[in-house]
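Working notes, structure below.
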């Protein structure tokens, strides 16, 4: 069951210079890879681009052939209510069960009154997090 609920996130390291994101997006477009989620964490010298895509294996192959450092990480992608305090309530619930969120990102509402929320928790807490989420009425796993 775990495999059905987990998303594979592709992370690559990028030099923080003009045109680098454009180059990556062109590589994805040239390989007919659809982006489902994207976030960039940056420093002065480099950035970490995190992606959820429609074809993880094809994406990893394309990046490696283009000499990018690639990492694959399991994340959970959910739909959560788009109301004040819903994100806090969800994170607080995980906290109450001893689950730390290493990082998270979100995007605009995907359905009326709901938005997508991607979270990364420690690997040793993944099963517990999934069990909690599956029993939560206000949260849905994105397919």
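Bear in mind that the values in this text are calculations on the coordinates, not laboratory data. Since this is a predicted model, take the numbers as computed values, not measurements. Note that each Cβ is placed from the backbone with ideal geometry, even for glycine, and that neighbours are counted across all protein chains shown.
A few notes on this one:
- Calculated from the alpha-carbon coordinates, region 8-72 shows an Rg and a Dmax of 10.8, 31 Å respectively.
- Potential extension, residue 122-residue 29 segment - 0.36 nm per residue separation minus Cα distance: 30.3 nm
- Average Cα contact separation per residue, region 8-72, under 8 Å, 6 or more apart, as relative contact order %: 47 percent
- Enclosing the Cα atoms of the chain in their convex hull gives a volume equal to 129 cubic angstrom per residue.
- R0 of 30 Å, Cβ-Cβ distance residue 40-residue 86: FRET efficiency to nearest 0.05: 0.75
- Unit Cα scatterers, Debye sum, region 75-141: log10 I(q)/I(0) for q = 0.13, 0.15 Å⁻¹: -0.31, -0.41
- Sorted by Cβ neighbour density within 10 Å, fewest at the top, the residues 128, 26, 7: 26, 128, 7
- Rel. contact order, % - alpha carbon contacts under 8 angstrom, at least six apart, the chain: 25 percent
- As a length-normalised measure over Cα pairs under 8 Å and 6 or more apart, the relative contact order of region 75-141 settles at 43 percent.
- Angle between the chain longest axis and helix 56-65 axis [Cα atoms, degrees, rounded to 10]: 30 degrees
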